[in-house]
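Here the structure comes first, spelled out in structure tokens, and everything after it is commentary.
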Amino acid sequence: MKKQNAGDGPVIIKKYANRRLYNTETSSYITLEHLAAMTREGRDFKVVDAKSEEDITHNILTQIIMEEEARGQTMLPVNFLRQLIAMYGDSMQAMVPGYLEASMDSFRRNHEQFKSAVEGAFANSPFAEIAKRNMAMFEAATQAFKPGAAAGGAKATESAPASKDAEIAALKAELTRLHEKIEKLGD
């Protein structure tokens with residue numbers, strides 16, 4: 001995730017008393033949405049209080065998560081949040097950040113390996129176009145199960161083939177083959 005696109009170090013963002021954020025790299029005021037986009041792009045940044053020079057990056061990142069969750073982009077289940085809150089003050093509290101970071105790194109690596117395996121499995125075969133289409137449908141299906149994605153579902157069905165039963169059977173077969181391939185890669 002530490003993919004830096006420009007500059008030698010992290011971009012310095014200053015937060016002023018009026019709650020405005022100033023990007024010192026672009027010499028412009030930005031929003032939390034800009035910082036979220038920078039994070040998704042892998043840009044490293046550090047947010048400092050303009051007056052005290054205190055590093056407040058953690059607070060700002062937490063604020064971005066809160067805004068995403070408030071918009072309906074929920075990723076953190078209520079039970080997880082309760083367990084996380086319960087860990088504050090616990091003797092294991094110091095271990096939680098490292099554990100969560102390692103778990104997220106592992107999740108990201110597995111996601112990338114799965115994606116690479118699917119792409120590599122069909123790269124030079126006659127099934128490459130079918131695999132790309134199936135992958136696009138799979139991604140559309142996963143998007144349909146996210147909260148607030150009802151509007152995107154209609155668009156996905158417009159381009160779907162006439163025989164949904166055949167398509168579902170093909171997708172199930174494809175998922176079975178991919179699962180077997182992933183198991184082989186894990187051995």
Can you pull out the helices (runs of 4 or more DSSP H) entirely within the stretch 11-112 that have at least 2 residues that are open to solvent by less than 50 Å² (accessible area, probe 1.4 Å)? 32-41, 57-70
From A128, A154, which residue is exposed (fewer than 10 other Cβ atoms within 10 Å of the Cβ) and either farther than 24 Å from L76 by Cβ or at pLDDT 65 or above (or both)? A154
Could you give me the residue pairs with C-beta distances under 8 Å whose first residue belongs to the stretch 77-94 and is among the polar types (S, T, N, Q), whose second residue is outside any loop (DSSP other than H, G, I, E, B) wherever it lies, and which are 6+ apart or on separate chains? Q93/M87
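Can you confirm whether the stretch 167-174 contains a residue that is at pLDDT 85 or above, part of a helix (DSSP H, G or I) and open to solvent by 90 Å² or more (accessible area, probe 1.4 Å)? Lay out the reasoning, then the answer.
Let us first name the residues in the stretch 167-174 that are at pLDDT 85 or above, namely none.
No, there is no match, as no residue in the stretch 167-174 is at pLDDT 85 or above, part of a helix (DSSP H, G or I) and open to solvent by 90 Å² or more (accessible area, probe 1.4 Å).
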Can you list residue pairs whose Cβ atoms sit under 9 Å apart, with the first residue in the stretch 107-126 being of a type in the set (G, A, S) and the second being modelled with pLDDT of 70 or more? Count only pairs 6 or more apart in sequence or on different chains. A117/L178; A117/K181; A117/I182; A117/L185; A121/R177; A121/L178; A121/K181
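The values are calculated or read from the model by the stated rules, or taken from the named source; none is laboratory data. Bear in mind the structure is a predicted one, so any value in this text is a computation, not a measurement. As a convention, Cβ positions derive from the backbone with ideal geometry for all residues, glycine included, and neighbour counts pool all protein chains shown. Protein only, heavy atoms only, side chains kept; ligands, DNA and RNA dropped before computing areas. Shrake-Rupley method; radii C 1.70, N 1.55, O 1.52, S 1.80 Å.
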